[in-house]
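Asker: Please find one structure pasted underneath; my questions will follow.
The values are calculated or read from the model by the stated rules, or taken from the named source; none is laboratory data. What you are looking at is a predicted structure, and each value in this text was computed from that prediction instead of being measured. Here Cβ is always computed from backbone atoms with ideal geometry, including for glycine, and neighbour counts include all displayed protein chains. When the accessible area is computed, the model is the full protein with side chains, heavy atoms only, and any ligands, DNA or RNA have been set aside. Shrake-Rupley method; radii C 1.70, N 1.55, O 1.52, S 1.80 Å.
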Number of protein chains: 2
Amino acid sequence: MKAKKRVTIYDIAKKLNVTPSSVSRALNNSSYVNETTKKLILKTAEEMNYKRNTLASNLRRGQSKTIGVVVPRINQNFFANVIAGIEEITYKKGYNIIICQSGESYEKEVQSVNTLINQHVDCIVISISVDTEDYKHLQNVIDHQIQLIQFDRVAEELETLKVINDNEQASFEAVSHMISQGYRRIALLEGPQTLNIFRQRKNGYLQALAKHQMPVIDELIAQNAWTKELGATATRQLLSLSNPPDAIFASTSDFSALGVLEVANSMNFKVPQELGICGYSNENFSEITSPSITTIDQFSVYMGKTIANLFFQESENLQVETIPKVISIKPKLIARSSTEKNQQ
Amino acid sequence: MKAKKRVTIYDIAKKLNVTPSSVSRALNNSSYVNETTKKLILKTAEEMNYKRNTLASNLRRGQSKTIGVVVPRINQNFFANVIAGIEEITYKKGYNIIICQSGESYEKEVQSVNTLINQHVDCIVISISVDTEDYKHLQNVIDHQIQLIQFDRVAEELETLKVINDNEQASFEAVSHMISQGYRRIALLEGPQTLNIFRQRKNGYLQALAKHQMPVIDELIAQNAWTKELGATATRQLLSLSNPPDAIFASTSDFSALGVLEVANSMNFKVPQELGICGYSNENFSEITSPSITTIDQFSVYMGKTIANLFFQESENLQVETIPKVISIKPKLIARSSTEKNQQ
DNA sequence: TTTGAATATGCAATCGATTGTTGAAATTTA
DNA sequence: TAAATTTCAACAATCGATTGCATATTCAAA
């Protein structure tokens, strides 16, 4: 049994003794077909189990109705949520999304972007990897007239559409909250400063300290503590200082905050009385640790929807050139037990 | 400034005064081109920033080098991990994946599958939604000669490639473990029985009871308790019984197990002494609740890799018809504090 | 009956890349 | 040097759907 060929508009045309043009017009609901023949064609197409070849259609039309998404990892809550949000909107408009993971590698990011350009996607949505330090591949996207939307981790100098969180503000609020709770030696676990989001979060931390006339103590700033393990290691060092911090802001993620909590427990620091903890991202587990962890919600699903809507707005709005636009979503501080020093 | 057209092989051909055929051959590294011209063409293509139009290429070649994936939700740990696993393998082979979410709706699942057929994907990987009760759309995939791989939640009667967990065995082991820990009245939170995985987990539960000559008590089996909220509600009822259970197996997910834990705490049942709890899926939070929750790891990323590898094996193996094949992955029981009755 | 408009359909080019066939030039062999 | 062979490139068809233009048909108005 050899592979049957798929049914094409030619097959339908032949069967009904009309031209492929008419079949195509009928399927696209064009007005230039007789109502009767249109119905007949649609009925026959249905019967013959015809499926349009989107490849051919897109080639002819010069668009693909596809959006490419590049993220470091899809099995990371934040990114999975953003993608879910994007998909929810694009689906309704009949668009598909192609997903690529950069795995935090520059090489793979470039390759992913190239694949998407080859695929003639109508838009590329990207959150860059830690490794990414030059943006030729992104410039390339623009040069190919493909809409580029950066989100969360963005290359600031590139003038593209951006959907971001106001990290600095959120971070500022988190640290201010800790100060108002009575914490006085607040340590910072910072992420790789190549990523703008981590720079912004550090800024927010510094500004909150400044606003409250508190000194910046270098030994309380731990670099590159952006996983649970690295967070734990950094915490071990911090808590071993002769004058240890009374609070730790794990600005990178709730995972590192979790590392902090575990080390604090094992070293017998009482949370939140002797050590306040604040994380970032509102991972689902942060609510159920004991004590529950204060964190920052980024409205990730909403962010995804915003990205998709932005794309559709821009593509309907037929300006010759896109005006670089930045949509900033204000994250929300979620105060929980891990910073309730006052109440104790 | 009007949109520049993209560079095509014709542009390259014209510039170098050769034919498009030669350009194509050079780009595909065919042997029917002179080594010198090949190098020249490749160099020029590079300079002109040429990107192959995959649409045209695929149309001509009759394949798309694309795999479609349909899952209920992508921002659910298990599915996100499976997808990550698939992507890891397909990426290396130069394949793309297109993701669709069914959102547990039959309608949307059918539409997603149709879109993927239209896209001429080479393979469709699917885990069906709760709502799905007929399989015409899947049969349709087969009729279109598209490789179909079902995973996790599968339509058993359809003869396709399948990658599944041995749910029954895992469930059997989990309940046996609880029995060996000394629990005697073990309740079951079951999921919608339309899904095979939930039927299998129930079977495992029943078999474990049977093996240990324990009676099946109807009032200890709670139907449709497959979210955190539903799990909590069911638990409230179970613990209010005149003769409440001394353990609850939340066979649907760790989320419902979490619901159980919270209700147990609020109703002052001591876990694990007075109430044992076992979940399913090994969500990352199950390790850090207090007490930590016993659960079952499904090796989700590995499952994704298995799926992708299976596809490539089958497509290389040029048999005329695929032999329905089922790969079963044995999940692993992870015993934690929530079932440590013995040790207390 | 003729003219004009409206409607419906056919024809053929096009999107960009691939590939089987053919023929010319270059190289090897006799 | 002639014949045989190899190497390389051109030509043209093809994948399936879309669409501008041309033509045919129908019907109504003049």
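Asker: What is the residue of chain A with the smallest Cβ distance to the axis taking A onto B, and what is that distance in whole Å?
Answerer: Chain A residue with minimal Cβ-axis distance: A:Phe285, 2.
Asker: Work out, in µm²/s and without decimals, the Stokes-Einstein translational diffusion coefficient of chain B at 20 °C, 1.002 mPa s, Rh from Kirkwood over C-alpha pairs.
Answerer: Here the translational diffusion coefficient equals 94 µm²/s.
Asker: From the backbone phi of the range A:324-331, what are the Karplus-calculated ³J(HN,Hα) couplings (6.51 cos²θ - 1.76 cosθ + 1.60, θ = phi - 60°) in whole Hz, Gly and Pro given as x?
Answerer: Working through the residues one at a time gives x, 9, 10, 9, 10, 9, 7, x Hz.
Asker: Another question about this same structure. Could you tell me which of B:Gln223, B:Ile288, B:Met178 has its Cα farthest along the dipole of chain B towards the positive end, charges placed at Cβ (Lys, Arg +1; Asp, Glu -1), taken about the Cα centre?
Answerer: Farthest towards the positive pole: B:Ile288.
Asker: Rg/Rh for the range A:110-256 to two decimals, with Rh computed the Kirkwood way over all alpha-carbon pairs.
Answerer: Numbers: Rg = 18.4 Å, Rh = 16.9 Å.
Computed over Cα atoms, the ratio is 1.09.
Asker: Nearest 20 debye, what's the magnitude of the dipole of the protein assembly as shown about its Cα centre given +1 on Lys and Arg Cβ and -1 on Asp and Glu Cβ?
Answerer: Details: 74 positive and 72 negative charges, 528 e Å.
Its charge dipole is roughly 2540 debye.
Asker: Here is a follow-up. For chain B, what does the helix formula give at 222 nm: sum of -39500 (n - 2.57) over DSSP H segments with n ≥ 4, over the residue count, nearest 500 deg cm²/dmol?
Answerer: It lands at -13000 deg cm²/dmol.
Asker: Which of these, B:His177, B:His144, B:His120, has the largest mean-square fluctuation under a Gaussian network model of chain B (Cα springs below 10 Å)?
Answerer: B:His144
Asker: So which residues of the range B:285-299 lose at least 40 Å² of accessible area, probe 1.4 Å, when you go from the chain by itself to every protein chain present?
Answerer: At a threshold of 40 Å² (probe 1.4 Å), the residues of the range B:285-299 that become less exposed are B:Ile288.
Asker: Please list, in order along the range B:33-45, the HN-Hα scalar couplings obtained from phi with the Karplus expression 6.51 cos²θ - 1.76 cosθ + 1.60 (θ = phi - 60°), rounded to whole Hz, x for Gly and Pro.
Answerer: 9, 5, 4, 5, 5, 4, 4, 4, 4, 4, 5, 5, 4
Asker: Once amide H atoms are built 1.01 Å from N in the peptide plane, which residues 5 or more positions from A:Ile329, or in another chain, come under 5 Å H to H?
Answerer: It is A:Ile164, A:Asn165, A:Asp166, by chain and number.
Asker: Still on this structure, please answer the following. Distances over 17 Å make up what percent of all Cα-Cα pairs in the range B:235-311?
Answerer: Cα-Cα pairs in the range B:235-311 separated by more than 17 Å: 47 percent.
Asker: Inside 10 Å of the C-beta atoms of A:101-114, what's the mean count of C-beta atoms belonging to other chains?
Answerer: 1
Asker: Please compute, for peptide A:86-95, the average count of beta-carbon atoms on other protein chains lying within 10 Å of each residue's beta-carbon.
Answerer: Averaged over the peptide's residues, the number is 2.
Asker: Here is a further query. With a Cα-only, solvent-free Debye model of the range B:1-124, what are the log10 I(q)/I(0) values at q = 0.17, 0.19 Å⁻¹?
Answerer: At q = 0.17, 0.19 Å⁻¹ the computed log10 ratios are -0.91, -1.00.
Asker: If you don't mind, there's one more thing I want to ask. If R0 is 30 Å, what FRET efficiency do you get for A:Ser292 and A:Ser105 from their C-beta distance, rounded to 0.05?
Answerer: Once the sixth-power term is evaluated, E becomes 0.30.
Asker: Same structure again: Can you give the angle from 0 to 90° between the axis of helix A:196-211 and the longest principal axis of chain A, with both taken from C-alpha atoms, to the nearest 10?
Answerer: 40 degrees
Asker: Test of the criteria: in the range A:117-225, which GluC sites (Glu not before Pro) are in a DSSP loop and have at most 10 other Cβ atoms within 10 angstrom of their Cβ?
Answerer: For GluC sites (Glu not before Pro) across the range A:117-225 that sit outside H, G, I, E and B with at most 10 neighbouring Cβ atoms in 10 Å, the list reads A:Glu133, A:Glu157.
Asker: List the GluC sites (Glu not before Pro) within the range B:260-344 that fall in a DSSP loop (any state other than H, G, I, E or B) and whose Cβ has at most 16 other Cβ atoms within 10 Å.
Answerer: When the GluC sites (Glu not before Pro) of the range B:260-344 are filtered for loop state and at most 16 Cβ neighbours within 10 Å, B:Glu274, B:Glu321 remain.
Asker: Please name which of B:Leu238, B:Thr194, B:Ile164 has its Cα lying farthest along the dipole of the range B:144-258 towards the positive end, using unit charges on Cβ (Lys, Arg +1; Asp, Glu -1) and the Cα centre as origin.
Answerer: Ranked along the dipole, the leading option is B:Leu238.
Asker: Moving to a separate point now. Among A:Lys332, A:Lys108, A:Lys211, which one moves the most in a GNM of chain A with springs linking Cα atoms closer than 10 Å?
Answerer: Between A:Lys332, A:Lys108, A:Lys211, it is A:Lys211 that shows the largest mean-square fluctuation.
Asker: Need one number: % antiparallel among DSSP beta bridges in the range A:187-341, to the nearest 5.
Answerer: Values: 3 of 12 bridges.
Here the antiparallel bridges make up roughly 25 percent for the range A:187-341.
Asker: Here's another thing I want to ask about it. Starting from the Cα of A:Thr194, step 7 Å along the direction of its Cβ; do the same at B:Ala210; then give the gap between the two resulting points in nm.
Answerer: Taking the simple label geometry, A:Thr194 and B:Ala210 are separated by 5.8 nm.
Asker: What residue among A:Asn96, A:Asn34, A:Asn282 has the largest mean-square fluctuation in a Gaussian network model of chain A, using Cα springs under 10 Å?
Answerer: It is A:Asn34.
Asker: Also: Let me check against my output: what whole-number percent is the relative contact order of the range A:9-52, with C-alpha pairs under 8 Å and at least 6 apart? Please report the intermediate quantities before stating the final value.
Answerer: Numbers: 32 pairs, mean separation 14.2, N = 44.
It rounds to 32 percent for the range A:9-52.
Asker: With solvent modelled as a 1.4 Å probe, how much accessible area in total do chains B and A shield from it at their shared surface, in Å² to the nearest 100?
Answerer: Heavy-atom accessible area buried at this interface is about 5000 Å².
Asker: Here's something else I'd like to know. What is the mean number of Cβ atoms from other protein chains located within 10 Å of the Cβ atom of each residue in peptide A:51-62, rounded to a whole number?
Answerer: 6
Asker: Provide, in order from the shortest bin, the percent of all Cα-Cα pairs of the range A:216-344 in each 10 Å bin, continuing until the bin that contains the maximum pair distance.
Answerer: Per 10 Å bin, starting at zero, the Cα-Cα P(r) for the range A:216-344 comes out as 12, 36, 24, 13, 10, 4, 0 percent.
Asker: Angle check, please: helix B:167-180 long axis (alpha carbons) against the longest principal axis of chain B (alpha carbons), in degrees 0 to 90, nearest 10.
Answerer: Roughly 30 degrees, rounded to the nearest 10.
Asker: Amide H to amide H, which residues 5 or more places from A:Ser292 or on other chains are under 5 Å from it, using H placed in the peptide plane?
Answerer: Under 5 Å from the amide H of A:Ser292 lie the amide H atoms of A:Ser337, A:Ser338, each far enough along the sequence or on another chain.
Asker: Each residue of the range A:153-166 in order: what ³J(HN,Hα) in whole Hz does its phi give by Karplus 6.51 cos²θ - 1.76 cosθ + 1.60, θ = phi - 60°, with x for Gly and Pro?
Answerer: Ordered by residue, 3J(HN,Hα) equals 8, 10, 8, 5, 5, 7, 8, 9, 5, 9, 10, 9, 9, 7 Hz.
Asker: Apply the Debye scattering formula to the range B:147-206, with a single equal point scatterer on each alpha-carbon and no solvent, then give log10 I(q)/I(0) at q = 0.19 Å⁻¹.
Answerer: The Cα Debye sum returns log10 ratios of -0.71.
Asker: Here is a further query. I'd like to know how the protein assembly as shown sits against the 2.2 N^0.38 Å rule of thumb: what's its Cα Rg over that expected value? Intermediate results must be reported in sequence, preceding the final value.
Answerer: Numbers: Rg = 28.3 Å, N = 688, 2.2 N^0.38 = 26.3 Å.
Dividing the Cα Rg of the protein assembly as shown by 2.2 N^0.38 Å gives 1.07.
Asker: Quote the relative contact order of chain B in percent (integer), defining contacts as alpha-carbon pairs under 8 Å separated by 6+ residues. The partial results should precede the final answer.
Answerer: Values: 626 pairs, mean separation 54.8, N = 344.
That works out to 16 percent.
Asker: Could you provide, to the nearest whole Å², the per residue accessible area of chain A with probe 1.4 Å?
Answerer: So chain A comes to 44 Å² accessible per residue, rounded to a whole number.
Asker: Please report the carbon-and-sulfur percent of the accessible area for chain A; probe 1.4 Å, protein heavy atoms only, DNA, RNA and ligands left out.
Answerer: Looking at chain A in its full context, I get 49 percent from C and S.
Asker: Also, I was wondering about something else. Remind me, what semi-axes does the range B:9-51 give for its equivalent ellipsoid, largest first in whole Å, using sqrt of 5 times each Cα gyration tensor eigenvalue?
Answerer: Equivalent ellipsoid semi-axes, largest first: 14, 11, 9 Å.
Asker: Summing +1 for each Lys or Arg and -1 for each Asp or Glu, what net charge is found among the other residues whose Cβ lies under 12 Å from the Cβ of A:Gly304?
Answerer: -2
Asker: Could you give the angle, 0 to 90 degrees to the nearest 10, between helix A:254-266's Cα long axis and the longest principal axis of the Cα atoms of chain A?
Answerer: Once rounded, one gets 30 degrees.
Asker: Find how many whole Å separate the alpha carbon centroid of the range B:246-293 from the alpha carbon centroid of the range A:214-266.
Answerer: 29 Å
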